[in-house]
Structure formats: C-alpha cells, structure tokens
Amino acid sequence: MILPRYIGVKTWLASLAAFAGVITIFLAVDVVDNAGGFSGSGWLLAALELYANKAAVVAHQVAPAALLLGAAIAVSGLRQTREWTAMRSVGLGPWRMAGPVLVAVALASLALVVVHEAWGVEAAQRAEEIQATRFARGGAFRRWQATRQPKRWFRGADGRHVYHLRGVLPGGGFERVTVLELSDDFQLTRRIDAGRMEPAEGGAWRLADVEERTFSARGGTYQKATSREVRFDEPPGSFDLRPGRPSQMSLAVLNQQIALRQRLGQPFVDFSIEEANRVAYPFAAVSGALLAVALALRRNRQGHLASALLEAVGISLALWAAQGICLGLGLSGRLPPLLAAWLPNAFFLAVGTLAMRRTS
C-alpha cells in the first residue's frame, strides 16, 4: 500500500496546485475586468463576498482540467526522478502507476460533487445576485430579474386545461387566476376566473371571487360566486416551478422540477441535461487523467513539466469540445440526456485505455 498511497498523494498535491493556480488567474483577470464597477457604500465587503462565491463556481468549472493536469504533472515528476524507471526494473507495468492516479482523481471528483451540492449551487446563486444587484451594468439587472420571475402559463397533464396564474401568494396560492378548459378539437368550452386560488383539504382548490362561463354551440352560461371549492387534475403543489437556472438548483430540486415540468407541459430538457451532467462533468477528469497518464508514460517522450502542461491543455480542449457537441445534441433532442452527458467520458476512457496498452 505504500507505493499506491505515495502516487495518490503526489497526484492530489499536484492537482491542488493546479486548482490554486487556475482559480487565482481567473479571479485576478475578472477583478481587473470589473474593477470599474466597484462603487457605492460597502463595496469592498460586497466584492469580497462576490469573489468568495465565484471561487466556488470556478473551482467546479475547472475541476476536470485541474485534476487531469495534476495527474500529468505527478506522473511526469515520477518519470523525471527515475522512479518510473525503478518501477519498470522490478516488473511493475503502467497500470500500477495509472491505478493509484485514477483512484485519487475519482475520489477528488466525488468530493467535488458533494461540495458543489452542499455549497457550490448556493454560491452560484449568490454570486449572480451580488453581480446583478450591486455591480451590474446596463440591462444586467433587468436580465437577472427576468430569470427570477415565476412561470405564469401552464398546461394540464390531460392537455385540456390551461392555467394562467398571474400572482403568487404565500402558502402555495395564487391571485388573479384564469383556468381554460378545451375540447378535443381545441375549442374553448369553459372559463373560470378567480381573484384568489388557494389549497384546500383533500387535494382541492378554494377559489374566491369566482366567475365561471361555459360555451357551446347552443349558447353559454354565466355564474358568479363568492367562494367555491374545485378539484382540477392538478392538485395543490403542482405549480411549484422554481425560477432560475438549472445550474443553480440542487439534484433533489432538479429531479422535482423535471417531474413537475413534464406534468405541466413545460420545457424540461435543459433540466434533464443538467441533472445528468452534474455528476458526469467532474468525473470527466478520470477519463482525461487516464489519457494524460498514457501520454506521460509513452516511450521516447521528451520534456517533463512543459510537456505535461501542453498535453493536459490539449486533452482539456478536446474534452471540452466533445462535451459541448454532445450537450448540444442533447439539448436539441438528438441524444438522450444521460447519453449526452456521459458519452464524452466513455469515449476518452476508451481512448485512454488503448493508449495505455501501447505503453505496456
């Protein structure tokens, strides 16, 4: 266990150094780019909070690149100090080097998933809020505010009911509500308008200030009531769609929102892609690290640190391009979300495995 632990620790240390370097460079460039907007009372504390949250967001974004860079640097360092030569002299093959590296990268990827769920998602929300409300330029605040507006139009699961909920009330209720009932040939047969719609017992809705109209070929009717309980196909809780970006929601919330959106006929593909990619993205580092190790151990390789940096950057760019293409195909509906998220990982894992066989 001494040798695997030694290789794993060196991989972690190199990855930590890569993390620190990349995050520092990004934040320094971002500070210089946005320094002109830092003004107003208490701007320093707000800026410090902003970049503390941005650091968590950036750490998640650069995780695969930093981890595979750490793997390449660690293996190159072992080759530079002739430790790899000593391992070969006693009959140890490349997988005895790659195994501990991949375990270390996989554990770091798992930790990133957990930390991002516990802190990173909230940090992304807070960073965007501070950026928009304190240091926004032009229409940035209006664009951010638009993403926070709740959905107003919903289609029922049966396709025959359409709900227009203009205002949200505490406790799961709505105000200024219109419910349209449609026939099979998409003709309006019934319209209910209510000043308030609030949850009632037994899965019903309590409507206040109700006006109900029915329409048919023979004419129509009109009724008015102060209060009425109605059972729709969508019980209370069915319209709890959360505003905001999918990347700023936890996995539990994403799963709930996907189910609600499917039921209400709302777009949900981007939520499904985010749910699948939330785990696939950090673990892309494992596939990239395997290929980086194979390149670092290839025969007649020249250079060490510079070569490791160049190889890691090349793998990161190729991995990023593959992820972008697959996620784009997933968003367009040409690939299932799960396949779109994990296909780049599987491809680079296969390429890395073939490259490792050539180093044996």
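The values are calculated or read from the model by the stated rules, or taken from the named source; none is laboratory data. Worth saying up front: this structure is predicted, and the values here are computed from it rather than measured. Please note: Cβ atoms are built from the backbone with ideal geometry, for glycine as well, and neighbour counts cover all protein chains shown.
A few comments on the model shown:
- Helices (runs of 4 or more DSSP H) enclosed by the stretch 27-137 - at least 2 residues per element that are surrounded by fewer than 19 Cβ atoms within 10 Å (Cβ to Cβ) and of a type in the set (Gly, Ala, Ser): 43-61, 83-89, 94-115
- Residue count for the stretch 296-319, restricted to those that are assigned to a helix (DSSP H, G or I) and loosely packed, with under 14 Cβ neighbours inside 10 Å: 5
- Number of the exception - Phe232 against (1) touching a strand residue (DSSP E or B) at 6+ places or on another chain (Cβ under 9 Å); (2) closer than 30 Å to Arg357 by Cα; (3) among the aromatic types (Phe, Trp, Tyr): (2)
- Selection of first residues in the stretch 65-88 that are not assigned by TED's automatic domain parsing to the domain that holds Ala321 and of second residues that are polar (S, T, N, Q) and not in a helix (DSSP H, G or I), restricted to Cβ pairs under 9 Å at least 6 apart or on distinct chains, gives an empty result.
- The stretch 231-270, subset among the hydrophobic types (A, V, I, L, M, F, W, C) and touching a helix residue (DSSP H, G or I) at 6+ places or on another chain (Cβ under 8 Å), residue farthest from Val113 (Cα to Cα): Phe239
- For Leu241: the one exception among (1) in a loop (DSSP other than H, G, I, E, B); (2) modelled with pLDDT of 90 or more: (2)
- Inspection of the stretch 204-215 finds no residue satisfying the criterion of being modelled with pLDDT under 85 and farther than 19 Å from Leu169 by Cα.
- Here Gly159 fits the description: outside the structural domain of Asp33 (by TED's automatic domain parsing), at positive phi and at pLDDT below 80.
- Of the numbered criteria (1) of a type in the set (D, E, K, R); (2) under 18 Å from Leu180 (Cα atoms); (3) outside any loop (DSSP other than H, G, I, E, B), the one Arg261 fails is (2).
- Hey, Ala280 in a helix (DSSP H, G or I) and either over 22 Å from the mean Cα position of the chain (by Cα) or without any contact (Cβ under 8 Å) to a residue 40 or more places away in the chain (or both) or not: no
- Once the stretch 176-204 is narrowed to residues that are among the small types (Gly, Ala, Ser) and under 38 Å from the mean Cα position of the chain (by Cα), the residue that is surrounded by the most Cβ atoms within 10 Å (Cβ to Cβ) is Ala194.
- Residue identified as under 30 Å from Thr85 (Cα atoms) and not aliphatic (A, V, I, L, M) among Gly328, Gly333, Gly288, Gly324: Gly288
- Once the stretch 205-226 is narrowed to residues that are hydrophobic (A, V, I, L, M, F, W, C) and surrounded by 15 or more Cβ atoms within 10 Å (Cβ to Cβ), the residue that is nearest to the chain's Cα centre (by Cα) is Trp205.
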